[in-house]
Amino acid sequence: MIVHIVTVLPELLESPFAHSILKRAQQKGLASVVVHNLRDFSSDKHKSVDDYAFGGGAGMVMMIEPIVNCLEFLKKEHGVEEVIYMTPDGERFSQNMANQLSLKTNIAILCGHYKGIDERVREHFITREISIGDYVLSGGELAAAVVSDAVIRLIPGVLNDETSALTDSFQDNLLAPPVYTRPAEFRGLKVPDILISGNTPKIEKWRFEKAVERTKQRRPDLLDE
Ligand code: 6GU
């Protein structure tokens, strides 16, 4: 999968993909993240990407021309099939959406800034609008990194133990059960005996019960779905 991220702040997206699982996914050739500077697609001499809003009011609006130049390049040269716009008024991101997106081979993610993008882009060039939650970020970059991370780790072969994505919170509408590691006792704080028993069927049953208990307490809404 290739994830193309279009942004006015490419520096902000350097680190998130340079470590750990996302770095390894790219080294293994399973995913690649390409960051595009929107300014490179501006055709005026000042390399402008934003302008005042028609009708007045505070805040700049991202211009249609550089965005469409960039998206047309991505479609033509890279066969991008899905163009996602990151915006607080988009559809709320979920594990289900991450699963769907992980099946694509070429996606583009456009990061919003300022007061947003010219509405004509949203109407005619965007295939999907995503928000990562009910709060406002300074720009779409961190949200794009969140979405890319959630999607790339689901690509088969990215996680070492392929079953581990299946036991994540949300994958089956349940939160994950508690986990422990050595030592078995720390300052009198003990690990539940069952986990040290070696009885795998009982351990699996315990984990399922804990997952249900935790979900009932913290996210009862998940059990209604
Ligand atoms: Cl996608 N963008 C911005 N600017 N703020 C957000 C968001 C996106 N999702 C939640 N808050």
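Structure values in brief
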read-out	value
Loop sites in the stretch 139-216: trypsin sites (Lys or Arg not before Pro), DSSP, at most 16 other Cβ within 10 Å	Arg187
For the stretch 107-225, alpha-carbon Rg over 2.2 N^0.38 Å	1.50
Candidate lysines for bridging to Lys75, where Cα separation is under 20 Å - those fewer than 8 sequence places away on the same chain excluded	Lys104
Shape parameters for the chain, alpha-carbon atoms, Rg then Dmax in Å	21.6, 71
Filtered GluC sites (Glu not before Pro), the stretch 35-86: DSSP coil and at most 15 other beta carbons within 10 Å	Glu81
Prolate/oblate/rounded call for the stretch 51-147, Cα gyration tensor, a/c under 1.5 rounded	oblate
Å² per residue, accessible surface of the stretch 35-124 at 1.4 Å	55 Å²
Residues of type aspartates and glutamates that Lys205 reaches as a straight line, Cα spacing below 16 Å, ignoring anything fewer than 8 places off in the same chain	Asp172, Asp193, Glu213
Qualifying chymotrypsin sites (Phe, Trp or Tyr not before Pro) for the stretch 1-91 [loop in DSSP, other Cβ within 10 Å: at most 10]	Phe54
Global geometry of the stretch 1-108, whether rounded, prolate or oblate, following the gyration tensor of its Cα atoms and the 1.5 cut on a/c	prolate
Inter-part distance where the stretch 152-195 and the stretch 20-57 are each reduced to a Cα centre, Å	35 Å
Over the stretch 169-224 - Rg/Rh using Cα atoms and the Kirkwood inverse-distance radius	1.05
The stretch 126-199 - accessible surface per residue (Å², probe 1.4 Å)	61 Å²
19 Å Cα-Cα reach of Lys210 towards lysines, excluding residues that sit fewer than 8 places from it in its own chain	Lys190, Lys202
Heavy-atom accessible surface of the chain: percent carbon and sulfur, 1.4 Å	53 percent
The chain, relative contact order [Cα under 8 Å, separation at least 6], %	20 percent
Prolate/oblate/rounded label for the stretch 1-41 (Cα gyration tensor, a/c 1.5)	oblate
DSSP-defined antiparallel bridges as percent of all bridges, the chain, nearest 5	20 percent
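The values are calculated or read from the model by the stated rules, or taken from the named source; none is laboratory data. Model, not experiment: these values are computed from the prediction. Glycine also receives a Cβ, built like all others from the backbone with ideal geometry; neighbour counts cover every protein chain displayed. Areas reflect the complete protein model, heavy atoms only, side chains present, ligands, DNA and RNA absent. Shrake-Rupley method; radii C 1.70, N 1.55, O 1.52, S 1.80 Å.
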